[in-house]
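Input: a single structure, listed below in structure tokens.
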Amino acid sequence: MASSKGYLEFILEQLSDLGDIAYRAMMGEYIIYYRGKVIGGIYDNRFLVKPTKSAINLMSNAVMELPYEGAKEMLLVENIEDKVFLKDLFEQMYKELPMPKKRAKDGY
């Protein structure tokens, strides 16, 4: 089941205090970026984030779920209505996540 554009728009609104939030549509789902780093995504209308140490500490009772078959488990964000919490979560996670690897433009 693909995620709805409405759910994406709701999550983006909840993250609007952060600035520099981007997303990319991928096979009916959405990858969420913060300042160029992949933080998580929207899968089947669920907001999932990477299980960094800070995310696990901030969401100690969070459920781990598969975004899709064959993927690594991610943390389900249930507190999506708390903008202050989401801002703190993303800022803490950002410090731990690596920058994305550069891709060769020509494939070489």
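Taking the Cα of Ile31, stepping 7 Å toward and past its beta carbon, and measuring to each backbone N in segment 78-101: which are under 16 Å? Hits in segment 78-101 for Ile31 at 16 Å: 97-101. Summing +1 for each Lys or Arg and -1 for each Asp or Glu among the other residues whose beta-carbon sits under 10 angstrom from that of Leu97 gives +3. Taking other C-beta atoms within 10 angstrom as a stand-in for reagent exposure, Leu75, Leu66 fall in the order Leu66, Leu75, fewest first.
For segment 35-108, the set of GluC sites (Glu not before Pro) satisfying both a DSSP loop assignment and a count of at most 10 other C-beta atoms within 10 Å is given as Glu69, Glu81. Other residues within the sphere of radius under 11 Å centred on the Cβ of Asp88, judged by their own Cβ, net out at -1 (K and R +1, D and E -1). Look at the alpha carbon pairs under 8 Å that are at least 6 residues apart: their mean separation over the length of segment 5-96 gives a relative contact order of 26 percent. Close Lys pairs in segment 5-96, defined as Cα atoms under 17 Å apart and 8 or more places apart or on different chains, number 11.
How would the chain be classified by its alpha-carbon gyration tensor: rounded, prolate or oblate, with rounded meaning a/c under 1.5 and the a/b versus b/c comparison settling the rest? Here the chain falls in the rounded category. Hey, which aspartates and glutamates would be in cross-link range of Lys101, C-alpha to C-alpha under 17 Å, not counting anything within fewer than 8 residues on its own chain? Candidates past the 8-residue exclusion: nothing left.
Trypsin sites (Lys or Arg not before Pro), restricted to the chain: which are DSSP loop and have at most 12 other Cβ atoms within 10 Å? Taking the chain and a limit of 12 other Cβ atoms within 10 Å, the loop trypsin sites (Lys or Arg not before Pro) found are Lys72, Lys101, Lys102, Arg103, Lys105.
Positive contributions from Lys and Arg (+1) and negative ones from Asp and Glu (-1), summed over other residues with Cβ under 13 Å from the Cβ of Lys50, come out at +1. Taking the helices alone, the chain has a mean residue ellipticity at 222 nm of -8000 deg cm²/dmol, built from -39,500 (n - 2.57) per DSSP H run of at least 4 residues and averaged over all its residues.
Each reported figure results from applying straightforward, stated rules to the coordinates on display, with no laboratory input. Keep in mind the model is a prediction, meaning the values are calculated, not measured. No Cβ is skipped: glycine too gets one built from the backbone with ideal geometry, and neighbour counts run over all protein chains shown.
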